[in-house]
Amino acid sequence: MNKAGKKKTGVYENVVKQFNKAADLIDFDPEIRKVLATTQNELTVNFPVKMDDGHIEIFSGYRVQHNNALGPYKGGLRYHPAVDIDEVRALATWMTWKSAIVHIPFGGAKGGIQCDPFKYSRSEIQRITRRFTYALGCNIGPEYDIPAPDVNTNAQIMAWILDTYLSTQSPLTRQASVHVVTGKPVESGGSLGRDKATGQGVVFTIEQWAKDRKHDLKGATHFVQGYGNVGSWAAMLMKPYGAKMVAVSDLCGCFQNPEGIEPHELNDYFKKNRTFDGFPKLRKIDDKQFLSTKADIFIPAALENQITAETADLLNVKVVAEGANGPTDPDGDEILQKKGIDIIPDVLCNAGGVIVSYFEWLQNKRSECWDLDEVDRKLRKIIVGGYDRVRDAAKTHKTDWRTAAYIVALTRLERVYKERGIFP
């Protein structure tokens, strides 16, 4: 229940509302609508892991495969106490739309383990990861379903998944299966630029928004919610444009400095101390003050449902660039639109991660290694193409950008299903 006493809306329920709004607007084929309105496969695994002290804990893990009409299932794995089947179902569906919008040959999937990874040692996390991978078995595969990092997972965890999966394959096929996961360390087949890819995509879409609005990013102000991989990279990559970060938040709290916060120094400090407390010239503020920060750009890069009916009215910005998945619920969306605040929706804004995952997948398949300039150049071209399609759809259908993004995805998927038909 929320503060108003209303039942809290599930994340997947929000996805369904967004889907139906776009489908109604374009008179979407009702038969194909039935197909896309549900997931194709949902897997729950409960598995035991021996802890460092010898006792056994049981963990619940999930993998949801929403759709693979455009290519293999693709999506990250997150380790978080809030992970459940509803959340993973929503995230998998968003992945389908995301790949369709930016025209890469992937479908949508997502997964995770319900746990707080910060409570476990490195060796315990490794055993949890390997046991989860083994439990998933043939439900993942390099041409079938390709996991990647997400909340609280990283390149090291992908390397453990890779090693575990390859150990289950015959010696003759192991080297042909390196692309079973993306977001790996570079030395283990990862792509240059993958660590910053999602944040880089956020910045590329902000750059296009600024060009469209004739807004100079030099001297522009922004604040970031969630200083993990996406939020920290977005902040660091905004700096060369001359933009200034004036507030930041994470699990350790909300902090502000109207004179500007140096993002690289803050990132180094946070990695070392796991808190912003003690960083020079930062003033601690509460959540309400944080969301009320006057700035040009707000980058929510934390978890879902942060911008709601209770919080959207606090925002005093020109644009919300959604680095996180689902940070704005439908009620919050409506308020932002009434206030005239632009939204670069998550299914476009944070697509940089899956785009560079696609590049890594291709490099592994071809036994190639691209330099960083090539990765960034290709990323910019693909995500700007998606941006242009969403912008044009918003104009054509006279609708908001989130609905326009869904329209772009649904139109492409509808065309594919009509061309291929439904078996049998």
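So which residue, out of Asp329, Asp342, Asp268, gets the largest mean-square fluctuation from a GNM of the chain using Cα contacts under 10 Å as springs?
Asp268
Note down the relative contact order for the chain as a percent, whole number, built from C-alpha pairs under 8 angstrom at least six residues apart.
About 16 percent, as a whole number.
For region 296-350, how big is the tail of P(r) above 13 Å, as a whole percent of Cα pairs?
50 percent
If you take the square roots of the eigenvalues of the alpha-carbon gyration tensor of region 322-424 and sort them as a ≥ b ≥ c, do you get rounded (a/c under 1.5), prolate (a/b over b/c) or oblate?
oblate
In region 40-187, what percentage of the DSSP-assigned beta bridges are antiparallel, given to the nearest 5?
Taking every DSSP beta bridge with both residues in region 40-187, the antiparallel ones total about 65 percent.
Please tell me which of these pairs span more than 27 angstrom C-alpha to C-alpha: Lys239/Lys272; Lys196/Lys288; Lys211/Lys294; Lys21/Lys211; Lys339/Lys398?
Lys196/Lys288; Lys21/Lys211, as the Cα separations exceed 27 Å there.
Note down the relative contact order for region 40-187 as a percent, whole number, built from C-alpha pairs under 8 angstrom at least six residues apart.
Once normalised by length, the contact order is 24 percent.
Divide by every residue of the chain the summed helix terms, -39500 (n - 2.57) for each DSSP H run of at least 4, and state the resulting mean residue ellipticity at 222 nm, rounded to the nearest 500 deg cm²/dmol.
Taking each H run of at least 4 residues, the total per residue is -14000 deg cm²/dmol.
Can you return the aspartates and glutamates within cross-link range of Lys34? Criterion is Cα-Cα under 14 Å, with same-chain partners fewer than 8 residues away left out.
Within the straight-line limit of under 14 Å, Lys34 reaches these aspartates and glutamates: Asp24, Glu414.
With Cβ to Cβ distances under 14 Å as the rule, what net charge do the other residues near Gln65 carry (K, R +1; D, E -1)?
Result for the neighbourhood of Gln65: +1.
Select from Phe28, Phe290, Phe106 the residue whose mean-square fluctuation is largest in a Gaussian network model of the chain (Cα-Cα springs shorter than 10 Å).
Phe28
Using the number of other C-beta atoms within 10 angstrom as an exposure proxy, rank Ile56, Ile299 with the fewest first.
Going from least to most buried by this count: Ile56, Ile299.
For region 190-259, run through the trypsin sites (Lys or Arg not before Pro) and keep only the ones in DSSP coil with at most 16 other Cβ atoms within 10 Å of their Cβ.
Taking region 190-259 and a limit of 16 other Cβ atoms within 10 Å, the loop trypsin sites (Lys or Arg not before Pro) found are Lys214, Lys218.
Given axes a ≥ b ≥ c from the Cα gyration tensor, I'd like to know whether the chain is rounded (a/c under 1.5), prolate (a/b larger than b/c) or oblate.
Rounded shape, in that the Cα axes give a/c under 1.5.
Can you tell me what share of the DSSP beta bridges in the chain is antiparallel? A percent to the nearest 5 is fine.
Of all bridge pairs located within the chain, approximately 50 percent are antiparallel.
What shape does region 250-365 take by its C-alpha gyration tensor, where a ≥ b ≥ c are the square roots of the eigenvalues and a/c under 1.5 counts as rounded, a/b above b/c as prolate, and the rest as oblate?
Since a/c reaches 1.5 but b/c is at least a/b, the shape of region 250-365 is classed as oblate.
Here, each number is a calculation from the coordinates, and none is a lab measurement. Just so you know, these numbers come straight off a predicted model, no measurement behind them. Note that we place each Cβ from the backbone using ideal geometry, even for glycine, and neighbour counts take in every protein chain shown.
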